[in-house]
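First up is the structure itself, then whatever we jot down about it.
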Amino acid sequence: MKRTLSALLGDAAVHSLAELGDRSPHLRPYLPEHALLVTPPTPEAGAAVITCAQREGWRVLPIGAGTKLNWLGNTPKADIFLRTTAWHQLIDHAAADMTVTTQVGIPFQQLQHHLAPAGQWIAADPLFRETATLGGCLATQSNGTLRQRYGSWRDQLLGVKFIRSDGQIVKAGGRVVKNVAGYDLMKLLIGSYGTLGILTEVTLRVYPLPDAVQIWQLRGAVAALAKGLGAIFSSSLAPARCVLRLEGTGALLLELEFHTLREVLASGTLGDRLSQIARTHDLQLEPQAPLGITLNPTPDQVILKMGVPLSEMLLALTQLQQLARELACECRGEMSAGVGYAYLHGQEEHLRQLILRLRQGLPRGYVTVLAAPLSLKQQLDPWDYRGNALELMRNLKQQLDAMGVFGTGVFVGNL
């Protein structure tokens, strides 16, 4: 296999997977010993690798910078890890049309730096945004808490190019906001963990950079926070980010981020309206810089992704808070627009109990185990999929990847 790939791409583009493991030891359990790491210089070279893989019966897992390899459901049944980091060309920034077209290997933060001089940005704040590639963020549907105002990646995506399992590069969507009707193939690829095809190029909406940003925190009892959150949702206030946070100390708070005009901030109207809500519901209000959460991807860290109805966000964080205290786990968390993340450290058995009990306590939601030691994932279903679309997923997989080129078993239902 190495000889064939080296003849196709050159020796410099074919590596041992040990390179990834040496750089990030916590990824080693997710790296099959026999697999090779290839870095095609162009999407066309990547397509040639897929054509060869289909002919030889090899399985391929596409990756970006590798920041989220431990989000996979298990060790991938892959012969080739195809890295897209060489595909980093910014193809077209149509500032007047508010769109950008770029290859997917570009680091997310680098793309933001390209857009900033035009006063524009991608309205997302994915995890590991300093190092993650745009393609990795899209493949794992990691776009953060700004979805409250700007929507998810699927809402911002206008068009894609991707490599099919037969090695053909095809297009879906386009480069303009108003587009033609047809099957929305591009949205299938978002969040599919590379199991349906390999993204090579995308067109995204961009937004004007906010003229001014103001952040407020509301603190108080759980019942008061629930009433305050309801008052904000029923008001005409439009926060770009509305995040319930569970701090490492165990305290719960509500953080609001507003993207507005400097004149609005100078008038003090926004603060006055929030002060009225705070007084009415016995909450403490104070302006703040964003807290953020510093991630430290170590072998013992667990990252959960939680989804619940809007009305149950506070319930989810309260249950998480209580379970973490009971099971002596270090815990921080955040939820916005019904989706959130929890960051945990603790003994493996305690973490397993916390996850299972949290799932039981959230019957209308889900608790997916993203990052975790492989030994923990092997003791439970990491995806916690409770829907009825698994058969549909299998049929789509059969249609788009009949030969199983991307069938590495890392996704829901071992797809």
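Descending by average beta-carbon neighbour count within 10 Å, the peptides 341-349, 219-227 line up as 341-349, 219-227, the highest first. Taking every alpha-carbon pair in the range 52-189 and binning the separations at 10 Å intervals from zero gives 10, 39, 37, 12, 2 percent.
Its Cα centre serving as origin, the range 212-287 has a Cβ charge dipole (Lys and Arg +1, Asp and Glu -1) of approximately 100 debye. Relative contact order, whole percent, for the chain stands at 17, derived from Cα pairs under 8 Å and 6 or more residues apart. One chain, two ends: Gln284 and Leu237. Fully extended at 0.36 nm per residue, the span grows by 15.1 nm beyond their Cα-Cα distance. For the listed peptides 399-406, 310-317, a ranking on the average number of other beta carbons within 10 Å per residue, highest first, reads 310-317, 399-406.
When Ser142, Ser16 are sorted by how many other C-beta atoms sit within 10 angstrom of their C-beta, beginning with the fewest, the order is Ser16, Ser142.
Full extension of the chain between Ala212 and Arg273 yields a length gain of 20.2 nm, computed as 0.36 nm times the residue separation minus the alpha carbon distance. Beta-bridge orientation, the chain: approximately 90 percent antiparallel, per DSSP, counting only bridges with both partners inside. Between Glu56 and Gln89, the modelled labels are 2.6 nm apart [label points 7 Å from Cα along Cα→Cβ]. For the range 321-415, applying the loop criterion from DSSP together with a ceiling of 15 other beta carbons within 10 Å to the trypsin sites (Lys or Arg not before Pro) yields Arg364, Arg386.
For the range 116-250, the C-alpha radius of gyration divided by 2.2 N^0.38 Å, with N the number of residues, is 1.29. Entry for the range 2-85 at q = 0.13, 0.19, 0.23, 0.24 Å⁻¹: log10 I(q)/I(0) = -0.37, -0.79, -1.15, -1.24, Debye formula applied to identical alpha-carbon scatterers, no solvent contribution. The protection proxy used here, the mean number of other Cβ atoms lying within 10 Å of each residue, ranks peptides 279-286, 210-217, 131-138 as follows, highest first: 131-138, 210-217, 279-286. Taking 0.36 nm per residue of separation and subtracting the Cα-Cα distance, full extension of the segment from Leu390 to His350 would add 11.4 nm.
Modelled spin-label separation between Asp155 and Lys2, with each label point placed 7 Å from Cα along the Cα-to-Cβ direction: 4.8 nm.
Here is how the number arises for the chain: DSSP H runs of 4 or more residues each give -39500 (n - 2.57), the sum is divided by the residue count, and the result at 222 nm is -8500 deg cm²/dmol. Loop-located trypsin sites (Lys or Arg not before Pro) in the range 21-97 (DSSP state other than H, G, I, E, B) with a sparse environment of at most 14 neighbouring Cβ atoms within 10 Å are absent. I'd like the FRET efficiency for Ala12 and Gln141, computed as 1/(1 + (r/R0)^6) with the beta carbon distance as r and R0 of 45 Å, rounded to 0.05. Between Ala12 and Gln141 the formula returns 0.90.
Throughout, read-outs are computed from the coordinates displayed, never taken from laboratory work. The shown structure was predicted, so the numbers you read here are calculated from the model rather than taken from an experiment. Cβ: placed from backbone, ideal geometry, glycine included. Neighbour counts: every protein chain shown.
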